[in-house]
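See below for the structure under consideration.
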Amino acid sequence: MLNFEIHNPTKIVFGKDQLSKLAQYISNATDSKKILLAYGGGSAEKIGLLDKIRTELHDFEIIEFGGIEANPEFDTLMQAVEVCRTRNIGFILAVGGGSVIDGVKFISGAINYAGDPWEVLLREEGKVFTSAVPFGSVLTIPATGSEANSGAVISRSSLKEKRTMGEPLFFPVFSFLDPTVVATLPKRQLANGITDAFMHTLEQYLTYPTANLLQEREAEAVLSTLIEIAPKVLENPADYEAAANLMWCANHALNGNLRCGVPTDWSTHMIGHELTALYGIDHAQSLAIICPRLFEVKFENKKAKLEQYGKRVWHLTGDNVAGEAIAKTESFFHSLGIKTHISDYTSEGKDAAQIIKARFAERQWIAMGERQDLTLDEVEKIVTNAQ
Ligand code: NZQ
Ligand code: ZN
């Protein structure tokens, strides 16, 4: 088992009708009465959630900032940073999915940053956020696990860039996870959420067999549970128990637990982010495009684990369990209505492989994967095969 450290300070408040605790939990985190209420493009208003929150927070001075996009935009977030600075905001409440929560992580770090925060996202030498205004979240879509981790992904479409950030500073103080929100999600977002949670688990599991038997089986438990509940959630998103399982799986998939003591391979995410940055393909769709092709290109590296996955998760037998496990994974995405080729989403993606290879070369991203051996030529091949 590899050495590891884990500390996840986020309080999870799981279940329905919990919002009466919101004001108290904010007061526990700050002496300030000035709260930025941050949300996305309108869904939280439409489902009545914002009104409930406004009512619960009547003792606070609420400054609202709506319009944070899916794949949150640097320029929009900088406007929120300005509002926080001029209004002296003491706490930020994110109401939304991964995009709003990620956006709030960035805002909370950028408020007291003296330079141009874009340099932090570019990971320039010595450029880091060193403080964060406290924030919490009310989750509206189970998918990213952002509600219980310290990472964020910020887009800058004017530059066709999508960059990651992450520091222990950026754990939410608390997150409210109410599975009843699942009933309001369009099918596309349900499918995206299931796929993203599935892929977060695979990226921390589908490497090589390890000695951390507990973590191996926890990952398999998340994958098996998602496979079991996915058709139920799609058929009836108002099925509370199925929705609750989805929300808890998505949380577990990226709350830091699955990575303990095991190697990880985040290459599907890193290549997928480029497809979103270049062509606006949804995050989860980009992962479903890359994952099966990456498993094929890195087949020999991953064969032993693909066999374990095929046997334990898909109950496969025979002489080609590893190959069939890839096919099962791709059919699972198809069963959710998610297509797995670039050309299914855009006609502009013909040069994707060359562009992504060049970007990775420029950034010196030449040692990805669980064995740090994913070459630029392999990245090009994966994306070419994903056409
Ligand atoms: O903007 P609104 O109107 O709120 O609509 C949103 C958005 O259009 C809608 N939605 C959310 N809750 C809803 C709802 N519609 C109806 N009813 C509800 N209850 O869903 C759309 C997508 O929302 P978004 O927040 O973008 O989805 P998701 O949670 O999948 O987040 C995706 C973002 O998270 C990043 C992705 O790259 C992407 O930018 N990720 C963040 C990670 C992290 N911080 O750990 C890890 C992930 O791998 C991922 O990269
Ligand atoms: Zn993801």
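Within the stretch 73-149, which helices (runs of 4 or more DSSP H) (wholly inside it) include 3 or more residues that are surrounded by fewer than 23 Cβ atoms within 10 Å (Cβ to Cβ)?
In the stretch 73-149, the matching helices (runs of 4 or more DSSP H) lie at 74-87, 118-121.
Scan the stretch 226-241 for residues that are in a helix (DSSP H, G or I) and free of Cβ contacts under 8 Å to residues at least 40 places away in the same chain and jot them down.
Within the stretch 226-241, L226, E228, I229, K232, E235, E241 meet the criteria.
Can you say whether L223 is within 15 Å of ligand 1 (Cβ to nearest atom), at pLDDT 95 or above and outside any loop (DSSP other than H, G, I, E, B), as far as the supplied structure shows?
no
Failed condition for E370, given (1) more than 30 Å from G261 (Cα to Cα); (2) in contact with a Ser or Thr (Cβ under 8 Å, 6 or more places away or on another chain); (3) in a loop (DSSP other than H, G, I, E, B), with all others met?
(1)
Does at least one position in the stretch 30-41 carry a residue that is farther than 29 Å from A183 by Cα, of a type in the set (G, A, S) and surrounded by fewer than 19 Cβ atoms within 10 Å (Cβ to Cβ)?
There is at least one residue in the stretch 30-41 that is farther than 29 Å from A183 by Cα, of a type in the set (G, A, S) and surrounded by fewer than 19 Cβ atoms within 10 Å (Cβ to Cβ).
For E362, which of the numbered conditions (1) open to solvent by 50 Å² or more (accessible area, probe 1.4 Å); (2) within 16 Å of ligand 2 (Cβ to nearest atom) fails to hold?
With (1) open to solvent by 50 Å² or more (accessible area, probe 1.4 Å); (2) within 16 Å of ligand 2 (Cβ to nearest atom) applied to E362, the lone miss is (2).
Tell me which residues, restricted to the stretch 242-269, are hydrophobic (A, V, I, L, M, F, W, C), near ligand 1 (Cβ under 10 Å from one of its atoms) and assigned to a helix (DSSP H, G or I).
Those that are hydrophobic (A, V, I, L, M, F, W, C), near ligand 1 (Cβ under 10 Å from one of its atoms) and assigned to a helix (DSSP H, G or I): A250, A253.
Hey, does the stretch 167-187 have a residue that's within 15 Å of ligand 2 (Cβ to nearest atom) and either on the phi < 0 side of the Ramachandran plot or assigned by TED's automatic domain parsing to the domain that holds K21 (or both)?
Scanning the stretch 167-187 turns up no residue that is within 15 Å of ligand 2 (Cβ to nearest atom) and either on the phi < 0 side of the Ramachandran plot or assigned by TED's automatic domain parsing to the domain that holds K21 (or both).
Look at T184 and say whether it is among the hydroxyl-bearing types (S, T, Y) and open to solvent by 20 Å² or more (accessible area, probe 1.4 Å).
Yes, satisfied.
Determine if the stretch 270-281 includes at least one residue that is more than 16 Å from ligand 1 (Cβ to nearest atom), open to solvent by 10 Å² or more (accessible area, probe 1.4 Å), part of a helix (DSSP H, G or I) and touching a Gly at 6+ places or on another chain (Cβ under 8 Å).
Looking through the stretch 270-281, none of the residues is more than 16 Å from ligand 1 (Cβ to nearest atom), open to solvent by 10 Å² or more (accessible area, probe 1.4 Å), part of a helix (DSSP H, G or I) and touching a Gly at 6+ places or on another chain (Cβ under 8 Å).
Looking only at the stretch 154-181, how many residues end up being open to solvent by 30 Å² or more (accessible area, probe 1.4 Å) and β-branched (V, I, T)?
Of the residues in the stretch 154-181, 3 are open to solvent by 30 Å² or more (accessible area, probe 1.4 Å) and β-branched (V, I, T).
Here are the criteria: (1) outside the structural domain of W118 (by TED's automatic domain parsing); (2) open to solvent by 50 Å² or more (accessible area, probe 1.4 Å). Tell me which single one V222 does not satisfy.
Among (1) outside the structural domain of W118 (by TED's automatic domain parsing); (2) open to solvent by 50 Å² or more (accessible area, probe 1.4 Å), the lone unmet condition for V222 is (2).
Mind listing just one residue for me: the one in the stretch 13-25 that is within 26 Å of A242 (Cα to Cα) and either in contact with a Ser or Thr (Cβ under 6 Å, 6 or more places away or on another chain) or hydroxyl-bearing (S, T, Y) (or both) and, of those, surrounded by the fewest Cβ atoms within 10 Å (Cβ to Cβ)?
Looking at the filtered set, the residue picked out is S20.
Anything in the stretch 116-170 that is touching a Cys at 6+ places or on another chain (Cβ under 9 Å) and not hydrophobic (A, V, I, L, M, F, W, C)? List them, or say none.
Result: P142, single match.
What number of residues in the stretch 150-166 are free of Cβ contacts under 8 Å to residues at least 40 places away in the same chain and either more than 16 Å from ligand 2 (Cβ to nearest atom) or not in a strand (DSSP E or B) (or both)?
Number of matching residues: 1.
The values are calculated or read from the model by the stated rules, or taken from the named source; none is laboratory data. Bear in mind the structure is a predicted one, so any value in this text is a computation, not a measurement. Because the Cβ atoms are built from the backbone with ideal geometry, glycine has one as well, and the counts that use them run over all protein chains shown. Note: accessible area is taken over every heavy atom of the protein model, side chains too, but ligands, DNA and RNA are not part of it. Shrake-Rupley method; radii C 1.70, N 1.55, O 1.52, S 1.80 Å.
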